Amino acid sequence: MEILSLTNPWWFSDNWERGDPQLREWKRQKYKWIPGWIKEISVTPFSLNFIVGPRQVGKITGIKLLMRELINSGFEPRNVTYVNCDLLVDPAELRRILLAIKDSEGILILDEVTSMEGWWKVVKGLIDSGILRKFSVIVSGSSTFRLLKYSESFIGRRGKGKDVEVLPLSFPEFHRITGKDFQDYLTLGGFPRSINGDERFSEELILSLDREIARIERSPKIMRAIIHEILRKAPSALSFSALGKDIGLNHVTAREYAELLEDMFILKIVYHREGEPD
């Protein structure tokens, strides 16, 4: 199919890396590394892997680095299939593409699946029919909480697959790669673009979060207010009622937004257990 020919240049060229946008940007960066999490992905058929993590953390770049490593180590390029679901019209087109490669095998990457409603029904049906039994399937999407929502639909259908969590660098990792100190880490954070001094990163990260919240018909304005309140009152213990009070929200709405932010890896909710000291 034409779309596969366009998105899988390694099928036809040994020099595909030169034109790949993610690998080209990765090579350009001053501070770059091979992320350790790519070793956690099961490439043994049958596997269904879910790659989850916050936006802008480098999930697709890591997947492209895994593809490069596999191909350079002798893996047949034709057996690495990348599908960018952002380019597809609907689940029916995804089904046609997957049926077109049903006699193949190897690695199947479904990127940005959360941009398409109903993708999981197609994948689930093809797993149940045995069509994907010769593949290691890697599923990734920018909207992590939507991906996690549907992962439960695949219970008993994961084979050797794993959930791989991709997070910003910890301080020890940051220091090992950059040689910088903890104050620099507090300033820059652990995202690849922030570490490399991309001045547009912070604004684009916030805008991407706004779009993700708006996509599920929630308010970006409320999301920002919730984050502001948490930062203002941290590190004190905070109830959902207290969180919502100063911005005019009831505890149910405050909890809903806080849990969405947790699913997006923006914060971590730690519940206070009765009897523990404040």
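The Cα-based radius of gyration and maximum Cα-Cα distance (Dmax) for region 170-214 are 12.2, 39 Å. The length gained on full extension between Asp86 and Lys149, counted as 0.36 nm times the residue separation minus their Cα-Cα distance, comes to 20.8 nm.
Phi-derived couplings, Karplus 6.51 cos²θ - 1.76 cosθ + 1.60 at θ = phi - 60°, listed residue by residue for region 121-133: 5, 5, 5, 4, x, 6, 5, 5, 7, x, 5, 9, 5 Hz, with x used for Gly and Pro. Of the chymotrypsin sites (Phe, Trp or Tyr not before Pro) found in region 178-278, those that fall in a DSSP loop while having at most 10 other beta-carbon atoms within 10 Å are Tyr271. Surface composition of the chain: carbon plus sulfur atoms hold 51% of the accessible area, using a 1.4 angstrom probe and ignoring ligands, DNA and RNA. Suppose R0 equals 22 Å. What FRET efficiency, 1/(1 + (r/R0)^6) with r the Cβ-Cβ distance, do Arg232 and Phe171 give to the nearest 0.05? E between Arg232 and Phe171, to the nearest 0.05, is 0.35. In the chain the longest region clear of GluC sites (Glu not before Pro) that are loop-assigned by DSSP and have at most 11 other C-beta atoms within 10 Å covers 1-116. Working note: Cα gyration tensor of region 1-68, eigenvalues times five, square-rooted, sorted largest first, giving semi-axes of 20, 19, 11 Å. Computed from the Cα positions only, the extents of region 199-246 along the three principal axes stand at 32, 28, 13 Å, in decreasing order. Which net charge results when you count Lys and Arg as +1 and Asp and Glu as -1 among the other residues whose beta-carbon is under 13 Å from that of Gly179? That works out to 0.
The fraction of all Cα pairs in the chain landing in successive 5 Å bins from 0 to the largest distance is 1, 5, 11, 14, 16, 15, 14, 10, 7, 4, 2, 1, 0, given as whole percents. Over all pairs of different C-alpha atoms, region 66-196 has a mean inverse distance whose reciprocal, the Kirkwood radius, equals 16.9 Å.
Each of Ser13 and Asn196 was given a label point 7 Å from its Cα along the Cα-to-Cβ line. The distance between the two points is 2.0 nm.
Simple spin-label estimate for Gln22 and Arg218 gives 2.5 nm between the two label positions (7 Å along the Cα-to-Cβ direction from each Cα). Cross-link candidates for Lys32: which lysines have Cα within less than 21 Å, leaving aside residues fewer than 8 places away along the same chain? Straight-line reach from Lys32, under 21 Å: Lys59, Lys64, Lys180. Take the Cα of Asn250, step 7 Å toward its Cβ, do the same at Ile3, and the gap between the two points is 4.3 nm.
Between the DSSP loop rule and a limit of at most 14 other Cβ atoms within 10 Å, which trypsin sites (Lys or Arg not before Pro) in region 174-269 are left? Here the sparse-neighbourhood loop sites are Arg200, Lys268.
Charged side chains reduced to their Cβ positions (Lys and Arg at +1, Asp and Glu at -1) give region 164-238 a dipole of some 260 debye around its Cα centre. Counting only alpha carbon atoms, the long axis of helix 251-263 and the longest principal axis of the chain meet at about 40°. In the elastic network of the chain, a GNM with C-alpha springs shorter than 10 Å, the most mobile of Trp16, Trp120, Trp26 is Trp16. Using the alpha-carbon centroid of each, what span in Å lies between region 42-57 and region 206-278? Each part's Cα centre sits 27 Å from the other's.
Remark: region 110-250 carries 55 Å² of accessible area per residue (probe radius 1.4 Å; ligands, DNA and RNA excluded). Extension gain, Gln183 to Ser104: 0.36 nm times the residue separation minus the Cα-Cα distance gives 23.4 nm. Based on C-alpha pairs under 8 angstrom that are at least 6 apart in sequence, region 169-278 has a relative contact order of 12 percent.
Extension gain, Ile131-Glu262: 0.36 nm per intervening residue step, less the Cα-Cα distance, totals 43.7 nm. Working note: Karplus 6.51/-1.76/1.60 with θ = phi - 60° gives region 22-28 the couplings 5, 6, 5, 5, 4, 5, 6 Hz, where Gly and Pro are set to x. Rounded to the nearest 20, the Cβ-based charge dipole of region 1-140 about its Cα centre (Lys and Arg +1, Asp and Glu -1) stands at 420 debye.
The values are calculated or read from the model by the stated rules, or taken from the named source; none is laboratory data. All figures in this text were calculated on a predicted structure; none of them were measured in a lab. A quick note on method: Cβ atoms are made from the backbone with ideal geometry, for glycine too, and the neighbour counts reach across all protein chains shown. With ligands, DNA and RNA removed, areas are computed over all heavy atoms of the protein, side chains included. Shrake-Rupley method; radii C 1.70, N 1.55, O 1.52, S 1.80 Å.
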